[in-house]
1. Can you report the number of residues in the range 39-64 which are under 9 Å from the mean Cα position of the chain (by Cα) and of a type in the set (K, R)?
2. Just to be sure before I move on: is W67 under 12 Å from the mean Cα position of the chain (by Cα), open to solvent by 60 Å² or more (accessible area, probe 1.4 Å) and more than 28 Å from P113 (Cα to Cα) in the structure I sent?
3. Tell me the residue from R106, R102 that is in a loop (DSSP other than H, G, I, E, B) and among the charged types (D, E, K, R), please.
4. Within the range 82-99, can you find the residues that are of a type in the set (D, E) and assigned to a loop (DSSP other than H, G, I, E, B)?
5. Among what's in the range 20-37 and is open to solvent by 30 Å² or more (accessible area, probe 1.4 Å) and either of a type in the set (A, V, I, L, M) or assigned to a helix (DSSP H, G or I) (or both), pick the residue that is nearest to W67 (Cα to Cα).
6. Please pick out the residue among R86, R102 that is over 15 Å from L26 (Cα atoms), basic (K, R), touching a residue at least 40 places away in the same chain (Cβ under 8 Å) and open to solvent by 70 Å² or more (accessible area, probe 1.4 Å).
7. Residue check: is S68 hydroxyl-bearing (S, T, Y), under 21 Å from R8 (Cα atoms) and free of Cβ contacts under 8 Å to residues at least 60 places away in the same chain?
Amino acid sequence: MLSITPGRRIWLCLEPTDMRRSFDGLSAMVRNHLGENPTSGHWFVFINRCRTQIKLLAFEGDGYWVWSKRLEQGQFHTTGQGDKRRLEWTELKLILEGIDLRSIRRFKRYHQPISEVVAV
């Protein structure tokens, strides 16, 4: 079961990804294409061109892990423009459950700002 801690971000790569990529290929894509640090502890989500496979790359303290899912029927539905899109945990769950994010109506909610620790 996937669970996420507060302060961790989830990034969705909007460019179709070759699902033959694994740890090194996906981390290189995070670094070069998304402009992010793959060892930051954030989650990076990739979907193939047919939208039938999804991979999630994360770095947990001492190494990478990759979670993968392949659909037998249907497709993953996402929205967004550009190279990447930040997802909320609930949005990732909706994508995994096959719900189109464009059909979701959002209501205003309060979000407490996450304080970023800056090393001096």
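The values are calculated or read from the model by the stated rules, or taken from the named source; none is laboratory data. What you see is a predicted model, and the numbers here were worked out from it, not measured in a lab. So basically every Cβ, Gly included, is an ideal-geometry build from the backbone, and we count neighbours across all protein chains shown. Protein only, heavy atoms only, side chains kept; ligands, DNA and RNA dropped before computing areas. Shrake-Rupley method; radii C 1.70, N 1.55, O 1.52, S 1.80 Å.
1. Number satisfying all stated conditions: 1.
2. Details: under 12 Å from the mean Cα position of the chain (by Cα): yes; open to solvent by 60 Å² or more (accessible area, probe 1.4 Å): yes; more than 28 Å from P113 (Cα to Cα): yes.
Considered against the rule, which asks whether it is under 12 Å from the mean Cα position of the chain (by Cα), open to solvent by 60 Å² or more (accessible area, probe 1.4 Å) and more than 28 Å from P113 (Cα to Cα), W67 comes out as yes.
3. On the way: R102 fails: in a loop (DSSP other than H, G, I, E, B).
Just one listed residue meets the conditions, R106.
4. Keep residues of the range 82-99 that are of a type in the set (D, E), which gives 83, 88, 91, 97.
If the condition is that a residue be of a type in the set (D, E) and assigned to a loop (DSSP other than H, G, I, E, B), then D83, E88 are the ones that fit.
5. Initially, the range 20-37 is screened for residues open to solvent by 30 Å² or more (accessible area, probe 1.4 Å), giving 20-24, 28, 31-33, 35-37.
Narrowing further to those that are either of a type in the set (A, V, I, L, M) or assigned to a helix (DSSP H, G or I) (or both): 23-24, 28, 31-33.
On the way: F23: 10, D24: 14, A28: 17, R31: 19, N32: 21, H33: 20 Å.
Among those residues, the one meeting the criterion is F23.
6. Details: R102 fails: touching a residue at least 40 places away in the same chain (Cβ under 8 Å).
Among R86, R102, only R86 is over 15 Å from L26 (Cα atoms), basic (K, R), touching a residue at least 40 places away in the same chain (Cβ under 8 Å) and open to solvent by 70 Å² or more (accessible area, probe 1.4 Å).
7. Working: hydroxyl-bearing (S, T, Y): yes; under 21 Å from R8 (Cα atoms): yes; free of Cβ contacts under 8 Å to residues at least 60 places away in the same chain: yes.
In short, yes.
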